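Working notes, beginning with the structure itself.
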Amino acid sequence: AQKVTQAQTEISVVEKEDVTLDCVYETRDTTYYLFWYKQPPSGELVFLIRRNSFDEQNEISGRYSWNFQKSTSSFNFTITASQVVDSAVYFCALSEASNTNAGKSTFGDGTTLTVKP
Amino acid sequence: DVKVTQSSRYLVKRTGEKVFLECVQDMDHENMFWYRQDPGLGLRLIYFSYDVKMKEKGDIPEGYSVSREKKERFSLILESASTNQTSMYLCASTVGWSLGANQPQHFGDGTRLSIL
């Protein structure tokens, strides 16, 4: 069975600090996809990034970067020089390609990030 | 842009009432989902549907039912609302199973439901 663990329930930082959100996953599939979503106070989850299991290349998008390591089954998310607008709940999710009801994802419990001015 | 619209942002109902939460998507997606979100419990899948009139139970289906009469609309029904169903409800959609695993889900704004 697939499982996603976000061990950090809440993180609080001061603006301009760097912060890393951890995500550890479990799956028996060799082909799978990992996602990060952001949920601001308004409520709607917004897709941030997708990674497939064959692509371990790290990715950077502005102040955001993602570190995917199959050896440790982790897909961590780092925000550099955090800003107050980064305050949100962040979810990591896993989707298995072999699941015939593909598109169904397993979500972690989320990490609430608070960035203080 | 994909738009997933939930009929209400806030809803207050009484115990024992039959409650309908509506969700509409405009991207012709095959898959649709209903989640509830509670503090410390993340997103829990209630039901999902991969086609019109098709439905599958998620992790916590008890006390809920769903209806998908048209592809764009997925309704969540609380047959007899109880106070432990007070929660944030999120609807999502994505493309069909042949492509769905690698596509993100698109979410609505959520409905904050209070059962008194």
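Only the coordinates and a few stated rules stand behind these numbers; no lab work does. Keep in mind the model is a prediction, meaning the values are calculated, not measured. Counting neighbours? That spans all protein chains shown, and the Cβs are built from the backbone with ideal geometry, glycine included.
Take every Cα pair under 8 Å whose residues are at least 6 apart in sequence, average their separation, divide by the length of chain B, and the relative contact order is 36 percent. Once both labels are positioned 7 Å from their Cα atoms along Cα-to-Cβ, the gap between A:PHE47 and A:ARG28 label points is 2.8 nm. In whole percents, the pair-distance distribution calculated for segment A:1-67 from its alpha-carbon pairs, binned every 5 Å from zero, is 3, 11, 20, 27, 22, 10, 5, 1. By other beta-carbon atoms within 10 Å, ranking B:MET88, B:MET32 with the fewest at the front produces B:MET88, B:MET32. The helix-only estimate of mean residue ellipticity at 222 nm for chain B, built from DSSP H runs of length n ≥ 4 each weighted as -39500 (n - 2.57), is -500 deg cm²/dmol after division by the residue total.
Computed across chain A, the Kirkwood radius stands at 14.4 Å (inverse of mean 1/r, all Cα pairs).
Residue order for B:ASP59, A:ASP29, fewest other beta carbons within 10 angstrom first, comes to B:ASP59, A:ASP29. With K and R counted +1 and D and E -1, the other residues having a Cβ less than 9 Å from that of A:LEU34 yield a net charge of +2. Sum up the charges of everything whose Cβ sits under 14 Å from the Cβ of B:GLN85, counting Lys and Arg as +1 and Asp and Glu as -1, but leave B:GLN85 out. Result for the local shell: +2. Just so you know, the Cα atoms of chain B work out to an Rg and Dmax of 13.4, 42 Å.
Report the net charge of residues surrounding B:GLY108, where surrounding means a beta-carbon distance below 9 angstrom and charges are Lys +1, Arg +1, Asp -1, Glu -1. So the environment of B:GLY108 carries a net charge of -1. Computed from the Cβ-Cβ distance with R0 of 45 Å, the FRET efficiency linking B:GLU69 to A:ASN67 stands at 0.50. Classify the protein assembly as shown: rounded, prolate or oblate, from the alpha-carbon gyration tensor (a ≥ b ≥ c, eigenvalue square roots; a/c under 1.5 rounded; otherwise prolate if a/b is larger than b/c)? Note, shape of the protein assembly as shown comes out oblate.
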